[in-house]
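**Q** Sharing a structure below in structure tokens format, with a few things to ask.
The values are calculated or read from the model by the stated rules, or taken from the named source; none is laboratory data. In this text, all values refer to a predicted model and were calculated from it rather than measured experimentally. All Cβ positions, glycine included, derive from the backbone under ideal geometry; neighbour counts span all protein chains shown. Quick note on the areas: whole protein, heavy atoms, side chains included, nothing else; ligands and nucleic acids left out. Shrake-Rupley method; radii C 1.70, N 1.55, O 1.52, S 1.80 Å.
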Amino acid sequence: KPRVLSGIQPTSDSFHIGNYLGALRQWVALQDTSDAFYMVVDLHAITVDHEPKVLHQRSRVSAAQLLALGVDPEKSALFVQSQVPEHPMLAWILGAETGFGEASRMTQFKDKSAKQERTTVGLFTYPILQAADILLYQTDQVPVGEDQRQHLELTRDLAIRFNTTYGQTFIVPEPHIVKETATIKDLAEPEKKMSKSSASPRGCVYLLDEPNQMRKKIKSAVTDSEAEVRYDVEHKPGVSNLLNIYAALGNTTIEKLEAEYAGRGYGDFKGDLAEVVADSLGPIAARTKEYLADKAELDRILTAGAEKARQVASRTLAKAYKKVGFYPPV
Ligand code: AQP
């Protein structure tokens, strides 16, 4: 079975439809055919401003949401990154293999540091920790959205470089990016990626929104002055984004949707999509609440996941330690 690993940051109270369609839906699908490791990456979350209590709570809510979406702890290891100390240990080694110029080319760092009052070294080295996350598990495939492609490329370069210098140590991973939903756009500003830290709350459909809020956001999505439901990312980014969301959640194709709404304007189209979104995502909030209500059971799932993760991670770390000439971890 191929090994699959991915992570998500607990940087908001709820994930959004972009996280879901870009990555989390693939997490759930892949757990049947692969040996999957999924984690809430709280170490990454402290690279931007955070409140300790809020971070802790968000990590729990994140784990509960993943379970509510269908991540099955019987099939995959679900864990919180801070419970597996091997991650920063391998990141240190990989940092010594990363060129300063190479790290400086990461566009996510440029974007995120521009939004922060104070930029930390942690935000700069974030992609190196992400490389460690992936390489520790001898990962074959990493289901992510398009925004992570450059970090995946760095991870591959580091794995190849380390293997060349020290001998075969890491599997070189492949990104698993679903083209149609690789970048879901902000509903209010469809030129921009939908983001948890998005400036416009109306542009972001959260998985824990009330169904009526979801409907409202879809119905008020920015479109254009034509009245034609047609896929054209360049000239009709808003409508094209809605078509991508509709096709993915409604299990249909863009061609079929274009035919169905030909000559009918945007009102019907948005109204129907609003129902599709509310029907498919509406039940997630109640399921998340159920997982949150049983604290002991949630902790048990996460501890078991972290134990399973450590077994794999510690083996890889010991190998890397030996290769670079360190004393073994005791
Ligand atoms: N708009 C998106 N379309 C498709 N995929 C997306 N992802 C994020 N936004 C979109 C994918 O979701 C996974 C988890 O993302 P993350 O938590 O690691 O952080 P992010 O990419 O930084 O997500 P956000 O929403 O943009 O959060 P903030 O505002 O905190 O930076 C990843 O696989 C990502 O590709």
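**Q** Among TYR261, TYR126, TYR206, which one moves the most in a GNM of the chain with springs linking Cα atoms closer than 10 Å?
**A** Between TYR261, TYR126, TYR206, it is TYR261 that shows the largest mean-square fluctuation.
**Q** Relative to the longest principal axis of the C-alpha atoms of the chain, give the angle of the C-alpha long axis of helix 149-166, reported between 0 and 90° and rounded to the nearest 10°.
**A** The angle comes out near 20 degrees.
**Q** Related question: Roughly what angle does helix 52-69 make with the longest principal axis of the chain, taking Cα atoms, 0 to 90 degrees, to the nearest 10?
**A** Once rounded, the angle reads 70 degrees.
**Q** Let me have the relative contact order for the chain, percent, based on Cα pairs under 8 Å that are six or more residues apart. Intermediate values should be presented prior to the final figure.
**A** Details: 534 pairs, mean separation 73.9, N = 330.
Here the relative contact order equals 22 percent.
**Q** Quick one: which residues, 5 or more positions from HIS176 or on another chain, have an amide H under 5 Å from its amide H? H modelled 1.01 Å from N in the peptide plane, none for Pro or chain starts.
**A** Residues meeting the amide H criterion: VAL142, VAL144.
**Q** Moving on to the next point. Note down the magnitude of the dipole of the stretch 1-138 about its Cα centre, charges +1 on Lys and Arg C-beta and -1 on Asp and Glu C-beta and zero elsewhere, to the nearest 20 debye. The partial results should precede the final answer.
**A** On the way: 12 positive and 14 negative charges, 46 e Å.
Approximately 220 debye in magnitude.
**Q** How long is the gain from THR119 to SER225 if the chain were fully straight, where each residue apart is worth 0.36 nm and the alpha carbon distance is subtracted?
**A** Working: separation 106, 0.36 × 106 = 38.16 nm, distance 4.02 nm.
Using 0.36 nm per residue and subtracting the Cα-Cα distance, I get 34.1 nm.
**Q** What FRET efficiency, computed as 1/(1 + (r/R0)^6) with R0 = 35 Å and r the Cβ-Cβ distance, is obtained for ASP294 and ARG149, rounded to the nearest 0.05?
**A** Numbers: r = 37 Å, r/R0 = 1.07.
After rounding, the FRET efficiency stands at 0.40.
**Q** Determine which lysines satisfy two conditions relative to LYS75: a Cα distance under 24 Å, and not lying fewer than 8 residues away in the same chain.
**A** Once the sequence-local lysines are set aside, what remains near LYS75 is LYS1, LYS289, LYS295, LYS308.
**Q** Would you list which lysines come within 22 Å of LYS236, measuring only between C-alpha atoms, while excluding same-chain residues fewer than 8 positions from it?
**A** Here the lysines satisfying the reach criterion relative to LYS236 are LYS179, LYS185, LYS192, LYS193, LYS216, LYS217, LYS219, LYS256, LYS270.
**Q** Taking only Cα atoms, what is the 0 to 90° angle, nearest 10, from helix 265-281's long axis to the longest principal axis of the chain?
**A** 40
**Q** Here's another thing I want to ask about it. Looking at the stretch 239-320, I'd like the Rg to Rh ratio, where Rg is from alpha-carbon atoms and Rh is Kirkwood's inverse mean 1/r. Mind showing how you got there, number by number?
**A** Values: Rg = 21.5 Å, Rh = 16.6 Å.
A ratio of 1.30.
**Q** Here is a follow-up. Taking amide H atoms as placed 1.01 Å from N in the peptide plane, list the residues 5 or more away in sequence, or in a different chain, whose amide H sits under 5 Å from that of ALA36.
**A** VAL4, ALA77
**Q** Where both partners of a DSSP beta bridge lie in the chain, what percent of those bridges are antiparallel, to the nearest 5? Intermediate values should be presented prior to the final figure.
**A** Values: 2 of 17 bridges.
So the antiparallel bridges amount to about 10 percent of the total.
**Q** Related question: 5 Å is the cut-off here: which amide hydrogens, built 1.01 Å from N in the peptide plane, fall below it relative to ARG105, excluding neighbours closer than 5 in sequence?
**A** Sorted by chain and number, the residues that satisfy this come to none at all.
**Q** If each residue of separation counts as 0.36 nm, what is the full-extension length gain between ARG161 and ASP268 once their alpha-carbon separation is subtracted? Could the numbers behind the result be given before it?
**A** Numbers: separation 107, 0.36 × 107 = 38.52 nm, distance 5.38 nm.
33.1 nm is the gain from fully extending ARG161 to ASP268.
**Q** Tell me, what % of the accessible area of the stretch 96-249 is carbon and sulfur with a 1.4 angstrom probe? Don't skip to the answer; put the middle values down first.
**A** Details: 3780 of 7270 Å².
Using a 1.4 Å probe with all protein chains present, the stretch 96-249 comes out at 52 percent carbon and sulfur.
**Q** Would you work out the relative contact order for the stretch 164-258, in percent, from Cα pairs under 8 angstrom that are 6 or more residues apart? Intermediate results must be reported in sequence, preceding the final value.
**A** Working: 91 pairs, mean separation 22.0, N = 95.
In percent, rounded to a whole number, it is 23.
**Q** Here's another thing I want to ask about it. Taking R0 as 45 Å, what's the FRET efficiency between ASN212 and ILE46 from their Cβ-Cβ distance, rounded to 0.05? Before the final figure, lay out the partial values.
**A** Values: r = 34 Å, r/R0 = 0.76.
Efficiency at R0 = 45 Å is approximately 0.85.
**Q** Let me ask another. Okay, which of the stretch 235-264 sit inside 17 Å, backbone N to the point 7 Å along the Cα-Cβ direction of ASP111?
**A** Answer for the stretch 235-264: 238, 241.
**Q** To continue, here is another question. Quick check for you: with a 1.4 Å probe and neighbouring chains kept, what is the accessible area per residue of the chain, in Å²?
**A** Working: 15490 Å² over 330 residues.
Per-residue accessible area for the chain comes out at 47 Å².
**Q** Give me a comma-separated list of calculated 3J(HN,Hα) values for the stretch 283-294, in order, Karplus coefficients 6.51, -1.76, 1.60 applied at θ = phi - 60°, integers in Hz, x for any Gly or Pro.
**A** x, 5, 4, 5, 5, 4, 4, 4, 5, 6, 5, 9
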